[in-house]
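No lab work stands behind these numbers, since they all come straight from the coordinates. Every value quoted in this text rests on a predicted model; they were computed, and no experiment measured them. Don't worry about glycine lacking a Cβ; one is built from the backbone with ideal geometry, like all the others, and counts go over all protein chains shown.
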Amino acid sequence: MATFESKYNMGEELGKGAYAIVYRCTHKETGEVSAVKVVDKSKAGPKDIDDVLHEVTMMKTVGFHPHVVQLKEYFDTPKNMFLVMDLLNGGMLFDRIVQMKHYSEQTSSKLIKNFLLALEHIHSKGIMHRDLKPENLLLKHNATGGGDETHLTDVALADFGLAGRAPGQTCCGSPSYIAPEVISVGYLRTQKEPYDAKCDVWSLGVIAYILLSGKMPFHGRIYKETFQKIVKNQWSFVGDIWDRVTPTAKDFIKTMLTPDPKLRPSATEALQHPWVANVQPDTHLGE
Ligand code: ADP
Ligand code: MG
């Protein structure tokens, strides 16, 4: 059987995770460039290894979508695990946004629409991502942009390390992006009924808020304070920055941040909202 080393040449480091390092790699025969997540089994514990196996299962279950990182190949040896994936050459979406300082509301709506399409797809496979946050939203191209903003909307959802089959009961993710029902079920234990894929819709609402204002809707000095604000629904459109944002965009965020998951739209329903429904689809999908 072919090994990773026999098929690929390893390139530069692209990023680091908790126990894995992601590198660029090139297929020796075809010259195709990919990313590979390498897990050093001597450094990872048995639980970490299980987590990576879980991530592989999740990626395989999710399958193809133009806005979801694809797993191309998987190798397991006594020393390492290698996850060969689509290369997302542009790095983290938010780094680019921060560099740009100015971008249009139209660009934001297109970005959010692309992630809603990704969510619609993974949810249709019975999977929730549970770790939607800026670090896991990656750009495909390393473009500097020729005046337009299309290089900003060519994005994919990465890191299925915390993904799971809906419904769920554990509290996971990054505090600022966690939905109130996930906190109630998994942390406060004030609710018994498990949460479902709507938790991803909430997190995308938080991301939309940040994209449009550069501020976090829920922010505390410690995670307990953040959780308090989330479960008490303490957030607002206060600040000059919101004066420039359209009422349609504000209504979209308000809808995504509906506290009761039963009343919150699914990804499919959110795609009907005028802020995203009227956005022109990409013409180059599947490229
Ligand atoms: P972890 O589960 O440990 O957080 P990630 O899968 O998020 O690991 O990967 C860690 C980092 O590696 C990411 O934040 C990103 O910078 C980089 N990275 C991950 N996957 C890719 C990819 N397919 N293409 C390019 N860079 C990637
Ligand atoms: Mg990550």
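The share of Cα pairs per 5 Å bin across the chain, counted from zero up to the longest distance, runs 1, 5, 12, 16, 18, 17, 13, 9, 5, 3, 1, 0, 0 percent. Against the chain, whose longest principal axis comes from its Cα atoms, helix 105-124 is set at around 70 degrees. A simple charge model with +1 on the Cβ of Lys and Arg, -1 on the Cβ of Asp and Glu and nothing else charged puts the dipole of the chain at about 800 debye relative to its Cα centre.
Close Lys pairs in the range 106-234, defined as Cα atoms under 17 Å apart and 8 or more places apart or on different chains, number 9. Residues in the range 62-74 carry Karplus couplings, in order, of 5, x, 7, 7, x, 10, 10, 4, 9, 8, 8, 8, 9 Hz; the curve used is 6.51 cos²θ - 1.76 cosθ + 1.60 with θ = phi - 60°, and Gly or Pro positions show x. Computed about the Cα centre, the dipole magnitude for the range 120-248 is approximately 580 debye when only Lys and Arg (+1) and Asp and Glu (-1) carry charge, each at its Cβ. Cα-based radius of gyration for the range 1-151, normalised by 2.2 N^0.38 Å, reads 1.12. Separation of the range 82-132 from the range 193-226 is 15 Å, based on Cα centroids. Taking amide hydrogens as placed 1.01 Å from N in the peptide plane, the amide H of Lys72 sits under 5 Å from those of Val84, Met85, Asp86, each at least 5 positions away in sequence or on another chain. Amide H contacts for Ala20 (H built 1.01 Å from N in the peptide plane; partners 5 or more residues away or on another chain; cut-off under 5 Å): none found.
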